[in-house]
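The block underneath contains the structure these notes are about, expressed in structure tokens.
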Amino acid sequence: MKARAKWMAEARRLLGVRRGFEIDGVYYKELTSEPLRHALAKGGSGHKDFRVTFGDGSKQVIRCSHSSVFADVMGPIGLKRLDPLLRSVRPGSRVLEIGAGTGYRALWLSFAVGPSGGVVALCELEEHAQFACKRYLRENIGFEVGELFSLAGETDGAFDAIVVFDLRTDDPDVPSLLEEFWRLLAPGGCLFLGTVGPDLSDPDSTAGRERIDRLVAAILSDGEAAAQGELDVIVTKPRAGASTGDDVAER
């Protein structure tokens, strides 16, 4: 069956056949005949374009690539890594996501916080924010274009959880970013840091592990507890008067 599917995909490419499909009332039409798997494989073009027609009739062209993930087309890559947040993010929570990409993680978070909670999702690219606003229509999500420093006007402790899925460990601004994360995080809230970097391609590498440890130590100035996964760090901010041991975020 796999051989047949591969042959059919190659035949469609050679014949120039472009397919379309619909998900939740949103229609995707291929703009090239090259199969997505082939486009993203070694030797492929590196990207594949689709024309998206939303429920209100508006259209947008999107480009899928390794750095631009659209869940409807490529699957919700890495979403399971957020499962530990369910121990801390509850209905009514206010959550901030930095680097929200195309919005599918913010959608997951919006279900976790429920109608009484809210998610503020900051996208790096205008086209990602435009897509997310049309694709993920939920009253408790707000998609904006901007970086963390655009939230300088937010009050201390404004968020019950902060999610940063792709924090580069080699970014020289990491210390100042961590300080701002900590300022915005409410006592008892949790900070999820999904780390990426040139030395973290192998989760078992000594260099990668040491880099994560140094990153955590930069936050734990007051003895707050952290729990670590392979590439992720979860830090819980203590409540006033709480013992550090009560604030360990379990994986």
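The values are calculated or read from the model by the stated rules, or taken from the named source; none is laboratory data. Since this is a predicted model, take the numbers as computed values, not measurements. As a convention, Cβ positions derive from the backbone with ideal geometry for all residues, glycine included, and neighbour counts pool all protein chains shown. Accessible surface is based on the protein model in full, side chains and every heavy atom, while ligands, DNA and RNA are left aside. Shrake-Rupley method; radii C 1.70, N 1.55, O 1.52, S 1.80 Å.
Taking into account only those residues within the stretch 152-179 that are open to solvent by 30 Å² or more (accessible area, probe 1.4 Å) and assigned to a helix (DSSP H, G or I), which is modelled with the highest pLDDT?
Checked the stretch 152-179; the qualifying residue modelled with the highest pLDDT is Glu179.
Condition check ((1) among the hydrophobic types (A, V, I, L, M, F, W, C); (2) at pLDDT 90 or above; (3) more than 23 Å from Arg168 (Cα to Cα)) across all residues:
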| residue | (1), (2), (3) |
| --- | --- |
| Lys42 | no, yes, yes |
| Phe50 | yes, yes, yes |
| Val69 | yes, yes, no |
| Pro76 | no, yes, no |
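In the stretch 79-97, what count of residues is obtained for those that are modelled with pLDDT under 95 and more than 18 Å from Arg135 (Cβ to Cβ)?
11
Taking the stretch 180-199 only, how many residues are open to solvent by less than 50 Å² (accessible area, probe 1.4 Å), over 18 Å from the mean Cα position of the chain (by Cα) and at pLDDT below 85?
The qualifying residues number 1.
Identify all residues within the stretch 25-38 that are modelled with pLDDT of 95 or more and either small (Gly, Ala, Ser) or closer than 21 Å to Ala100 by Cβ (or both); write none if there are none.
The answer is Gly25, Val26, Tyr28.
Which members of the stretch 128-151 meet the condition of being crowded, with 20+ Cβ neighbours inside 10 Å and either polar (S, T, N, Q) or part of a strand (DSSP E or B) (or both)?
Hits for the stretch 128-151 are Ile141, Phe143.
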